[in-house]
Structures are given as C-alpha cells and as structure tokens.
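Undergrad: This is the structure, below, for whatever I ask next.
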C-alpha cells in the first residue's frame, strides 16, 4: 500500500511526486469520491496536477501521498460492504494513520476515515467496543482541524456516532453532545454546499434517535423529516442516496 512512500527519505521533488501514475491515481480517486457523494463533477489530469502542485507546495508531497492513501481506502467502501471487507479496510486505515506525517490536519482526515469505517462496522455488529473506538477517532478528527468545511463534516460524523452509542449506553450525555455538535456542524455551511446532504442526514439520525428516547417528542420527528428533506434537496438527480433518504422519511411517518 505504501510502496511509493518511505518516511526515512527526504520528500520527493514535485517532479518525481507528480509522475503520470500519481496524477492518474489521484484523478481516479477524486472521480470515485465525487460519484460516492452524488456529485456530477468532471476532473481533468491538468486540474489534478495543478491542485497537487499547490498542495505539495503548502504541505509537502509526503502529506499529499498520505491523503491519497486515505482516499483510496475510504472511497471504495460503501454501506453494502461486508464485515470482511470492512475489517481489511480498517487494517489499511490504521496503517495509513500510523504512517501519516506529523501534521494535525492530515492526521485528522485519517482519524475521520477510520471513524467512518468503524461506525459502518458498528452498524453491523452493534459492538460497544466498535462504537467506543469510533467516537475516540471521531473526537480526534474534530480536534485536529479548524478549517470550517472539514471540521463541520468531522463534527457531523462524530455527532451521529455519539447518537449511535446512545442505543447501547442510554447515556443522556451522549445524546446531548450529539445534538449540540450535530447542529453546529449542520449550520456551519450553506445548505447548497456539495457535502451539506451528509450533514443534514446525519442530523436526521441524531434527531431520530432522540425521538426514540424517553424524552423524545413529535418535534424531534418533524425536525428529522425536515433534515432529510433538506438532504434530498442537495443531491444530484441520479444520486442513489435519494432512495435511502426517502425510506428514512417514510419510516418516520409511520
């Protein structure tokens, strides 16, 4: 996985780092991420090369290579992934995190990616160990960056994980923090932002779980429906998540 990286060597020069193979792999990763997020975007090799040159100047090629590893691991995992696939992906993600440069922003991305894989695993195993580890990495991701778009996305995933743990712990502390962090994440960026749908849907999950708690009210259900409606409105026409979000709304209406 990291044959192109050696942490004991000086970072590659931009000319070496931006070889045609590297540019092509990043291009494929960007296209995969766009598809996974329901975005109809078309990247060119020239755009990727220019972006990498700017990032390499700012962060160094080792950091960009590290991010490339992260995107390669996470972008190919979907909700339908089985436990074996998730287990292998988590192992790769741990290696990538351990090998990541000592850069808080880069490591936050890796923590968030591992947290997502762990939460997907928890959704299948309902293991307290898995959700506790999810929350640990999620908290590290949130504390690792002050950049608003990234931080709000990390907060959104973190909030959903906290709410998920409530199903096992029944701790109002988890639910209170999930609501506070989730709202901060959801309203930190405009509704029209390309990734806003993820935040709205995660907030809908938090509200749905809150509605099922002893203190839940019809207001929680109404707000969860509103969040999912907002999530759908931000998706492209061919985004496969629309069906999932409509199903969630239907379940709330029952």
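Conditions tested, residue by residue: (1) without any contact (Cβ under 8 Å) to a residue 12 or more places away in the chain; (2) outside any helix (DSSP H, G or I); (3) surrounded by fewer than 15 Cβ atoms within 10 Å (Cβ to Cβ).
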{"position": "191", "(1), (2), (3)": "no, yes, yes"}
{"position": "203", "(1), (2), (3)": "no, no, no"}
{"position": "215", "(1), (2), (3)": "no, yes, yes"}
{"position": "219", "(1), (2), (3)": "yes, no, yes"}
{"position": "222", "(1), (2), (3)": "yes, no, yes"}
{"position": "231", "(1), (2), (3)": "no, no, no"}
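Undergrad: Please give the number of the condition residue 144 fails out of (1) modelled with pLDDT of 90 or more; (2) within 25 Å of residue 242 (Cβ to Cβ).
TA: (2)
Undergrad: Residue by residue through the range 233-247, note down the ones that are assigned to a helix (DSSP H, G or I) and buried (at least 18 other Cβ atoms within 10 Å of the Cβ).
TA: Taking the range 233-247 and keeping what is assigned to a helix (DSSP H, G or I), we get 233, 241-247.
Passing the criteria: 241, 245.
Undergrad: Sticking with this structure for a sec: If only one of 96, 163, 108, 178 is part of a helix (DSSP H, G or I) and in contact (Cβ under 8 Å) with a residue 60 or more places away in the chain, which one is it? Talk me through it step by step, then tell me what you get.
TA: On the way: 163 fails: in contact (Cβ under 8 Å) with a residue 60 or more places away in the chain; 108 fails: in contact (Cβ under 8 Å) with a residue 60 or more places away in the chain; 178 fails: in contact (Cβ under 8 Å) with a residue 60 or more places away in the chain.
On inspection, the qualifying residue turns out to be 96.
The values are calculated or read from the model by the stated rules, or taken from the named source; none is laboratory data. Remember, it's a predicted structure, so these values are computed and weren't measured experimentally. Don't worry about glycine lacking a Cβ; one is built from the backbone with ideal geometry, like all the others, and counts go over all protein chains shown.
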